[in-house]
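This report refers to the structure that appears directly beneath it.
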Amino acid sequence: MKNRLPIVISVTALVVAVLGVTPLGGAAISQGTKAAKAPLSAVGLVAKPKRGPRGFRGPRGLRGPQGLQGSQGAQGTQGTQGIQGIQGIQGPAGPFPEPLQSGKTLRGHYNMTDVAAAAGAITGENISFGFTLSAAPTVGSGTSDCPGTVANPQAAPGKLCLYDRQRLNITTVDPTVFNIDKNGADVEDHAAAAGTYFDIGTWAVTAP
């Protein structure tokens, strides 16, 4: 019995040595090592824990800086014209300018035509301004008071100017202007001789 014990020990050591140097032995040792290092849940010894509940959402982050402005796109094609709208209602009449605003100019025509029986015959015409002035104008003289033309009559403020377009058989001092007030004036011509005589022209008056 005493002689067998050393033999058993020697045989066991030999087996261990043989297994350590052979592929089969190395694989057995490797699997044992991996099993020892693996977590207990992986080898079925401990149950895998369940995932906990989802946490609350965190606060919203700060807004980032504004990006660069993009390039302007191409212009689109022009749309079709819309239908014409209905005509609106007529508005109330505007205020009547009385007296006429200072510096505003009124213009018109005069025409005096008649047949004289003899020299000195008189024919006349009334000039109505159409608007009331703040004061009666006076008859202008010279280009400083009457800088216009028969086609474009003008008058300085507070002046009434007459421009002859055409005259026949009229005395050189005519036309004569009288009875001037804020609303108009009278004009008259005198025949230079018997027969037809006329005086045609334009006028302008500017509110003082």
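Computed from the coordinates by the stated procedures, all read-outs in this text should not be read as laboratory data. Since the model is a prediction, treat every value here as computed from it, not as a measurement. Counting neighbours? That spans all protein chains shown, and the Cβs are built from the backbone with ideal geometry, glycine included.
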Return the sequence-ordered ³J(HN,Hα) values of the stretch 146-157 in whole Hz as given by the Karplus equation 6.51 cos²θ - 1.76 cosθ + 1.60 applied to θ = phi - 60°, using x for Gly and Pro. 10, x, x, 10, 5, 7, 9, x, 9, 8, 5, x
What residues qualify as long-range amide H neighbours of Ile170, i.e. H under 5 Å apart, gap of 5 or more or another chain, H built at 1.01 Å from N? Ala192
For a quick check: sort Glu188, Glu98, Glu125 by the number of other beta carbons within 10 angstrom, fewest at the front. Glu98, Glu188, Glu125
One finds, for Ala151 and Thr172 with R0 = 22 angstrom and r their Cβ-Cβ distance, a FRET efficiency to the nearest 0.05 of 0.45
Normalised per residue, the volume inside the convex hull of the alpha-carbon atoms of the stretch 93-156 in Å³ amounts to 146
Ranking request for peptides 142-154, 50-62: highest mean number of other beta-carbon atoms within 10 Å first, then the rest in descending order. 142-154, 50-62
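Please arrange Thr196, Thr172 by how many other C-beta atoms lie within 10 Å of their C-beta, fewest to most. Let's see the in-between values first.
On the way: Thr196 11, Thr172 7.
Final ranking by Cβ density, sparse to dense: Thr172, Thr196.
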Kindly write out, for the stretch 189-198 in residue order, the coupling ³J(HN,Hα) from the Karplus curve 6.51 cos²θ - 1.76 cosθ + 1.60 (θ = phi - 60°), rounded to whole Hz, with x marking Gly and Pro. 10, 10, 6, 7, 7, 5, x, 5, 9, 7
Ranking of His190, His109 by count of other Cβ atoms within 10 Å, fewest first: His109, His190
For Cα pairs less than 8 Å apart in space and 6+ apart in sequence, what is the mean separation divided by the residue count of the stretch 98-208, i.e. the relative contact order in percent? 43
